[in-house]
Amino acid sequence: MSRNADHSGALGAEPAGPGPSPNGSSAHGTTLRGRSRANGNGTASGADNGDGSDDRYRWIALSNTTLSMTMATIDASIVIIAMPAIFRGIKLDPLAPGNVSYLLWMIIGYLLVTAVAVVTLGRLGDMYGRVRIYNLGFVVFTLASIALSLDPLTGSDGALWLIGWRLVQALGGAMLMSNSAAILTDAFPAGKRGMALGVNQIAGISGQFVGLLLGGLLAAVDWRLVFWVNVPIGIAGTIWSYRSLREIASTRRAKIDWWGNVTFGLGATALLVAITYGIQPYGGHPTGWTNPWVLTGLFGGAALLAVFCLIETHIAEPMFQLGLFRIRAFAAGNLASLLGSIARGGLQFMLVLWLAGIWLPLHGYNFIHTPLWAGIYMLPLTAGFLIAGPISGTLSDKYGPRPFATAGLLVATCAFIGLIALPLVFPYWLFATIIFFNGVGSGLFASPNTSAIMSSVPASQRGSASGMRSTFQNAGMSLSIGIFFSLLIAGLASTLPPALIRGLTAQGVPLSVATKVGHLPPVSTVFAALLGYNPVQHLLKPSGVLSRLPAHNVTALTGRHFFPTLIAGPFHHGLVIVFTAAALMSFIGAMVSLLRGRQFIYDDSSADGGLPQPRRASSRAPVTVSATAHSPNGTARASHPAPDTPAPVPGTGGPG
């Protein structure tokens with residue numbers, strides 16, 4: 001990927017050079033039709049039609065991809081609060097011994113597939129057409145939603161049916177996620193990308209929180225509605241996308257990198273599955289990190305990913321151009337995204353546990369209703385996303401992404417510190433304010449960071465780059481759940497048993513029963529609170545002791561105050577550990593974002609055999625690189641400053 005840095009002019013200026021190259025394509029083999037070369041989006045020369053058709057198409061693309069991202073990300077979390085109703089519907093106790101795996105796979109399986117498959121599907125979009133893969137994603141997602149809604153089985157067979165089709169549904173979601181950002185980057189000029197990608201990204205991220213509330217509301221009517229709700233949206237989106245979206249970038253057919261796909265898929269899957277099973281107890285330990293299979297998955301997965309990197313640098317047409325990580329804007333943006341996702345990903349679980357397990361019962365809510373109300377009380381978090389995202393995206397188009405992305409992670413860091421300082425039983429207005437600013441921070445970060453990542457790569461690599469961006473983001477979510485739950489459970493394991501034993505014996509529970517219950521793995525207690533079960537009733541049910549105790553003791557044990565009061569101290573200890581880790585992740589991510597350099601836009605436009613086209617300067621000019629050619633594995637030569645060390649440009653709009 002040989003590059004010549006052109007610092008001479010502003011984005012959006014008229015090209016000084018002549019028309020397209022003789023063969024109508026840029027040197028890397030991709031042509032983009034019907035847009036001005038001055039757009040900065042790697043498009044081939046060609047003016048707009050003058051009738052506003054390009055503007056109309058841009059808004060159609062933005063609307064459709066935003067719908068798909070919202071739908072796909074809502075389904076990542078919609079089952080969390082709906083889980084009790086789903087398992088009641090298939091007549092299976094998710095907290096019974098041996099059934100916790102079904103519960104985890106229902107939650108984590110979707111995230112795992114979307115994390116692993118997006119890079120491959122993004123690369124296929126580069127090769128066979130981004131819109132084609134995207135449209136297929138709508139079809140797969142909709143058909144899987146129908147199959148989920150029609151689950152004819154019960155018990156463990158019913159759970160396996162749901163898990164299997166959830167994985168297929170996630171594959172459709174991965175097709176949508178991996179190509180939506182690339183479609184928007186193709187359609188929008190660089191000067192408007194921040195706004196477009198901001199709307200798209202914030203819709204996707206907020207969908208994860210909307211899914212919590214929507215799942216609870218629909219499950220209260222019928223658990224199958226949790227899956228049926230996708231069907232009319234999927235059908236409408238499928239028809240709309242097939243009729244309205246078009247390929248802007250021409251495809252560049254290449255051999256499928258089978259070895260790269262296999263090593264990446266197996267390595268990432270082994271790593272994320274190991275993290276999933278690391279949450280579960282093993283051999284008398286509260287978590288499973290000493291399980292040989294978990295350790296094999298962790299080290300084996302890491303080894304396979306190392307082999308993947310080795311393969312990608314030694315073949316002619318790799319699955320992913322590792323040389324893109326030599327572009328500082330791309331590398332720093334993805335690393336900051338990973339750190340931000342780890343900090344943010346487990347937040348929704350921790351807040352649901354906090355609200356459903358402690359705060360809401362102490363304020364008079366029945367355990368069975370607490371997950372739904374937890375989703376409602378978390379709406380300020382979503383509001384912060386929705387308000388900050390489009391604004392930061394629009395402003396980053398003018399002032400550059402770095403100040404907004406960095407400030408966003410710093411705001412999130414402060415919000416996590418605020419959650420650490422918040423008392424366990426808090427005034428709601430203070431809690432709402434803190435999580436609102438956490439949402440604002442994430443919204444400030446997501447839009448400009450995505451725009452910076454997608455603008456920094458050649459047009460021919462936008463599909464795989466979008467897939468890699470989604471992999472970092474989705475893998476961060478999965479890592480976050482594993483890390484946060486493990487930290488929380490580790491904190492509870494040291495403090496919960498003695499508190500539980502003391503509390504139970506004080507209410508007349510025999511010491512032998514109380515000791516046995518107190519030494520059960522904390523994960524069952526945590527999931528009971530998460531799913532809206534009465535934790536004490538669930539813990540004591542197998543022993544039958546509740547039927548032998550006096551009525552006033554039973555009332556006290558199963559009431560709304562006993563468990564929250566009992567667990568408050570140990571749970572707060574775990575929360576402090578978790579939110580401290582999240583604050584550190586956010587702060588480190590902010591530092592990485594700060595070091596991303598000035599705004600950098602990879603300009604594929606070329607003329608006369610691919611010579612870079614100079615541009616007229618303006619008051620605000622991002623660093624722009626014009627591509628002449630690139631080698632298969634992304635190695636670069638630069639006769640001017642490379643993008644990771646851009647020369648200062650007067651009037652570039654500050655530190656953006």
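The values are calculated or read from the model by the stated rules, or taken from the named source; none is laboratory data. The structure presented is a predicted model; accordingly, all values stated were derived computationally and were not measured. Don't worry about glycine lacking a Cβ; one is built from the backbone with ideal geometry, like all the others, and counts go over all protein chains shown. For the accessible areas, the whole protein counts, side chains as well, though only heavy atoms, and no ligand, DNA or RNA atoms are used. Shrake-Rupley method; radii C 1.70, N 1.55, O 1.52, S 1.80 Å.
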When restricted to S524, S460, S486, S464, the only residue closer than 24 Å to T370 by Cβ, out of contact with any Leu (no Cβ under 8 Å at 6 or more places or on another chain) and of a type outside the set (A, V, I, L, M, F, W, C) is S486
Does region 334-343 contain any residue that is of a type outside the set (S, T, Y) and either surrounded by fewer than 18 Cβ atoms within 10 Å (Cβ to Cβ) or within 30 Å of A220 (Cα to Cα) (or both)? no
Within region 272-294, track down each residue that is touching a Gly at 6+ places or on another chain (Cβ under 9 Å) and among the hydrophobic types (A, V, I, L, M, F, W, C). L272, V273, A274, I275, I279, W289, V294
Failed condition for D55, given (1) acidic (D, E); (2) under 30 Å from N334 (Cβ atoms); (3) open to solvent by 10 Å² or more (accessible area, probe 1.4 Å): (2)
Filter pass, I80 being of a type in the set (V, I, T), on the phi < 0 side of the Ramachandran plot and either buried (at least 23 other Cβ atoms within 10 Å of the Cβ) or touching a Gly at 6+ places or on another chain (Cβ under 6 Å) (or both): no
When you check G173 against the structure, is it among the small types (G, A, S) and either closer than 30 Å to V262 by Cβ or part of a helix (DSSP H, G or I) (or both), yes or no? yes
Criterion (in contact with a Leu (Cβ under 8 Å, 6 or more places away or on another chain), more than 28 Å from S512 (Cβ to Cβ), open to solvent by less than 50 Å² (accessible area, probe 1.4 Å) and modelled with pLDDT under 85) met by exactly one of A607, A621: A621
Out of curiosity, is P390 under 20 Å from I78 (Cα atoms) and either of a type in the set (V, I, T) or assigned to a helix (DSSP H, G or I) (or both)? no
Taking Y128 as the residue in question, decide whether it is of a type in the set (F, W, Y), buried (at least 24 other Cβ atoms within 10 Å of the Cβ) and over 30 Å from F87 (Cα atoms). no
Scanning region 305-331 for residues that are small (G, A, S) and open to solvent by 10 Å² or more (accessible area, probe 1.4 Å), which turns out farthest from V273 (Cα to Cα)? A316
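A quick yes/no check of all residues on (1) open to solvent by 40 Å² or more (accessible area, probe 1.4 Å); (2) touching a helix residue (DSSP H, G or I) at 6+ places or on another chain (Cβ under 9 Å); (3) of a type in the set (A, V, I, L, M):
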position	(1), (2), (3)
T471	no, yes, no
I489	no, yes, yes
L496	no, yes, yes
R502	yes, yes, no
P510	yes, yes, no
For region 145-158, give me each residue that is touching a Leu at 6+ places or on another chain (Cβ under 9 Å), of a type outside the set (D, E, K, R) and closer than 26 Å to P232 by Cβ. L148, S149, L153, G158
Residue among A254, A268 that is assigned to a helix (DSSP H, G or I) and modelled with pLDDT under 90: A268
Going through region 437-460 in order, the residues found to be under 15 Å from N334 (Cα atoms) and not in a helix (DSSP H, G or I) are S456, V457
Restricting to region 284-304, and then to whatever is more than 18 Å from F485 (Cα to Cα) and either hydroxyl-bearing (S, T, Y) or over 25 Å from the mean Cα position of the chain (by Cα) (or both), can you tell me which residue is surrounded by the fewest Cβ atoms within 10 Å (Cβ to Cβ)? P292
Which of the residues belonging to region 154-176 are aliphatic (A, V, I, L, M) and either open to solvent by 10 Å² or more (accessible area, probe 1.4 Å) or free of Cβ contacts under 8 Å to residues at least 60 places away in the same chain (or both)? L160, I163, L167, V168, L171, M175
What are the residues in region 529-538 that are open to solvent by less than 10 Å² (accessible area, probe 1.4 Å) and at pLDDT 80 or above, if any? P535, V536
If D151 satisfies every condition in (1) farther than 30 Å from R462 by Cβ; (2) in a helix (DSSP H, G or I); (3) open to solvent by less than 10 Å² (accessible area, probe 1.4 Å) but one, which is the exception? (2)
Could you tell me how many of the residues in region 92-108 are part of a helix (DSSP H, G or I) and open to solvent by 20 Å² or more (accessible area, probe 1.4 Å)? 4
Test each condition in (1) in contact with a Gly (Cβ under 6 Å, 6 or more places away or on another chain); (2) open to solvent by 60 Å² or more (accessible area, probe 1.4 Å) for W228 and report the one that comes out false. (1)
Pick from S341, S241: which is at pLDDT 85 or above, among the small types (G, A, S), part of a helix (DSSP H, G or I) and farther than 30 Å from L487 by Cβ? S241
Could you tell me whether N261 is within 30 Å of A306 (Cβ to Cβ) and assigned to a helix (DSSP H, G or I)? yes
Condition test on G191, is it under 23 Å from S392 (Cα atoms), of a type outside the set (A, V, I, L, M, F, W, C) and either in contact with a helix residue (DSSP H, G or I) (Cβ under 7 Å, 6 or more places away or on another chain) or in contact (Cβ under 8 Å) with a residue 12 or more places away in the chain (or both)? yes
Among the listed residues A159, A219, A174, A190, identify the single one that is of a type outside the set (S, T, Y) and under 23 Å from the mean Cα position of the chain (by Cα). A174
Only one of I420, I483, I434 is open to solvent by 10 Å² or more (accessible area, probe 1.4 Å), without any contact (Cβ under 8 Å) to a residue 24 or more places away in the chain and either assigned to a helix (DSSP H, G or I) or farther than 29 Å from S396 by Cα (or both); which? I434
Checking the condition surrounded by fewer than 22 Cβ atoms within 10 Å (Cβ to Cβ), of a type outside the set (A, V, I, L, M), out of contact with any strand residue (DSSP E or B) (no Cβ under 6 Å at 6 or more places or on another chain) and at pLDDT 90 or above, which residue from F579, F587 passes? F587
Is one or more of the residues making up region 352-362 farther than 30 Å from L595 by Cα, in a helix (DSSP H, G or I) and either open to solvent by 40 Å² or more (accessible area, probe 1.4 Å) or among the hydroxyl-bearing types (S, T, Y) (or both)? yes
